[in-house]
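To start, the structure itself, in structure tokens.
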Amino acid sequence: MVKRLLWKSAAAGVAAAVIVSACGKSDGGNEGEGATGKDNKPGASVDYTKGEYEVVIQDLAGGSDEPFEKSFGQYIRKKFPNFKITFIQSKEGTRLQDLTVSGQNVDIVYASLETISGPLLGAGQQFDMTGLIKEHGVDLSKFEQTTIDAVRTMGEGKIYYLPVTTMVQVLFFNKTIFDKLGVPYPKDGMTWDDVHALNQKLTRNESGINYMGYSASPNHILRMNQMSVPIYDPQTNKPMLTDERWKTAIETYFLNEATGNYKTWATAKKKLPYYTEMTASQELAMMVFNSQFPFDGPQYVKDIDWDLVSLPTLKDKPRLGSQASPRMFAITGTAKNKGPAMEVIKQLTSLDVQTEISKQGFMTVLNDDNVKKLIGSESQFKDKNWKAVYYNQIAPKSYQSIYDGDILQKHLSPVVLKVVTGQTDLNSALREAQDQAEKFVQAERQK
């Protein structure tokens, strides 16, 4: 059984899913994990390249059909031209819970590991894919194992989703600013002390511009922190924001690098410098952000000369980078075509597709050096230092709860701005955040 905290929040959705599923089962195998084909034969004995199947897919983050087609749809259609792939955008009135209640079939949903549990369990649509994985011959040993370990931990042994792409945190930098200020470029393998030294050299006024050396996104670097500090403790059912490791993380990623220009800028703007300060106004020299950033937003980097290096490491943990943030695909509990849906996921995680995905700039979820070394090689940014994304070891994934997103964005991340701008001290800010987060969780658990 999945953690009680997840089941409690999902109770209403489970009831809805049961009602929908009771309205009628279909060819796809709602009778159980073993019924995967139209004739209820095991998946391995069904030729899914023949016959007609519809697979309905939704991006829980609200993405449209265009990025879906570019990232995933084209590879599905190439393998299965006989499949009708229907994409339903998640928005007001068509979110997973809305579709579940209305009886609209959805076979596959996807989102990041950190955000998929809330809507999936909230709609009562969690489904243990273990049987399908075995029947369809998906080899879990081929995946990067910190991700598979995290999936099993979150499901207490059950597998509710599988990774298709992933990303880590890296350090991007604007080469023009380094050239203008006469500072050597960052390198792979730096420590946070090295970044601090660079930051000091880059923080200055030049030609009327108050340059800042470094920044990061709290919502991303804290969520994927390289110390693997969890936000929530499933044993106590409480947030963990007063854990000393959060203090260390915030000091490392923000306070030690908060120079005068940084503090002045943040105080005046009432926000932290973001990637736009590196790419648009070009006041910021270095930014820790998602490795996928240039591919997700090529329009933001088109006007600068940029590159990337590996995430800086802690002195006592050399070559240990951030946690990964994989994009997970899940088959829903009421999916009408579980067998074809499993074949879709199998195809997206195949060596052929992962190789193509890697060439286009996505990090592969396979533990395959030959695939990894191809990253970005056929992309518009093929001249960049993409080996940086694999330079460090991926940190173990911390426990993920359905409360993490709200706690992070509403309570933990705001601590950084408050402390940087001098509104309060770090200990006081974390205690206040812990108190507010506890109240939030208590209210959520009582719903």
Output for region 271-320, where each listed residue is within 29 Å of Gln423 (Cα to Cα), charged (D, E, K, R) and touching a Ser or Thr at 6+ places or on another chain (Cβ under 8 Å): Glu277
Test: residue in region 313-330 that is over 23 Å from Gln354 (Cβ atoms) and open to solvent by less than 20 Å² (accessible area, probe 1.4 Å): yes
Pick from region 40-56, criterion open to solvent by 30 Å² or more (accessible area, probe 1.4 Å) and part of a helix (DSSP H, G or I), ranking: farthest from Ile116 (Cα to Cα): Ser45
Qualifying residue in region 58-67 (condition: surrounded by 18 or more Cβ atoms within 10 Å (Cβ to Cβ), out of contact with any helix residue (DSSP H, G or I) (no Cβ under 7 Å at 6 or more places or on another chain) and under 16 Å from Pro163 (Cα atoms)): no
Conditions (1) touching a residue at least 24 places away in the same chain (Cβ under 8 Å); (2) of a type in the set (D, E, K, R); (3) surrounded by fewer than 21 Cβ atoms within 10 Å (Cβ to Cβ); number of the one not met by Lys134: (1)
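For (1) farther than 30 Å from Tyr232 by Cβ; (2) in a loop (DSSP other than H, G, I, E, B); (3) at pLDDT below 50; (4) of a type in the set (Val, Ile, Thr), each residue gets a yes or a no:
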site	(1), (2), (3), (4)
Met1	no, yes, yes, no
Gly13	no, no, yes, no
Ala16	no, no, yes, no
Glu33	no, yes, yes, no
Gln58	no, no, no, no
Lys70	yes, no, no, no
Gly73	yes, no, no, no
Lys91	no, yes, no, no
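Please determine whether any residue of region 296-305 is aromatic (Phe, Trp, Tyr), surrounded by fewer than 24 Cβ atoms within 10 Å (Cβ to Cβ) and part of a strand (DSSP E or B). Even if it seems obvious, please write down each step before you answer.
Of the residues in region 296-305, the ones aromatic (Phe, Trp, Tyr) are 300.
Still in the running and surrounded by fewer than 24 Cβ atoms within 10 Å (Cβ to Cβ): 300.
Then keep just the ones that are part of a strand (DSSP E or B); that gives none.
The answer is no; no qualifying residue exists.
With Pro239, Pro234, Pro273 as the choices, which residue is of a type outside the set (Phe, Trp, Tyr) and within 28 Å of Tyr391 (Cβ to Cβ)?
On the way: Pro239 fails: within 28 Å of Tyr391 (Cβ to Cβ); Pro234 fails: within 28 Å of Tyr391 (Cβ to Cβ).
From the options Pro239, Pro234, Pro273, the qualifying one is Pro273.
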Residue match in region 153-169 (condition: open to solvent by less than 30 Å² (accessible area, probe 1.4 Å) and among the small types (Gly, Ala, Ser)): yes
Filter result for Phe72 (free of Cβ contacts under 8 Å to residues at least 24 places away in the same chain and either out of contact with any His (no Cβ under 6 Å at 6 or more places or on another chain) or loosely packed, with under 14 Cβ neighbours inside 10 Å (or both)): no
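Looking only at region 267-278, which residues are open to solvent by 40 Å² or more (accessible area, probe 1.4 Å), over 21 Å from the mean Cα position of the chain (by Cα) and in contact (Cβ under 8 Å) with a residue 40 or more places away in the chain? Before the answer, list the steps.
Here is the first cut: in region 267-278, the ones open to solvent by 40 Å² or more (accessible area, probe 1.4 Å) are 267-271, 274, 276.
Next, only the ones that are over 21 Å from the mean Cα position of the chain (by Cα) stay: 267-271.
Thr267, Lys270, Lys271, listed by residue number.
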Top-ranked residue of region 76-117 - restricted to ones that are aliphatic (A, V, I, L, M) and more than 20 Å from the chain's Cα centre (by Cα), ranked as most open to solvent (accessible area, probe 1.4 Å): Val101
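Inside region 214-266, can you point out the residues that are among the basic types (Lys, Arg) and surrounded by fewer than 17 Cβ atoms within 10 Å (Cβ to Cβ)?
Filtering region 214-266 for residues among the basic types (Lys, Arg) gives 223, 238, 245, 247, 263.
If the condition is that a residue be among the basic types (Lys, Arg) and surrounded by fewer than 17 Cβ atoms within 10 Å (Cβ to Cβ), then Lys238, Arg245, Lys263 are the ones that fit.
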Test for Ser281: is it free of Cβ contacts under 8 Å to residues at least 40 places away in the same chain, out of contact with any strand residue (DSSP E or B) (no Cβ under 8 Å at 6 or more places or on another chain), open to solvent by 10 Å² or more (accessible area, probe 1.4 Å) and over 21 Å from Ile108 (Cβ atoms): yes
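The values are calculated or read from the model by the stated rules, or taken from the named source; none is laboratory data. Being a predicted model, the structure only gives us computed values, none of them experimental. Virtual Cβ from ideal backbone geometry, glycine too; neighbours counted across all protein chains shown. We work out accessible area using only protein heavy atoms, side chains counted, and drop any ligands, DNA or RNA first. Shrake-Rupley method; radii C 1.70, N 1.55, O 1.52, S 1.80 Å.
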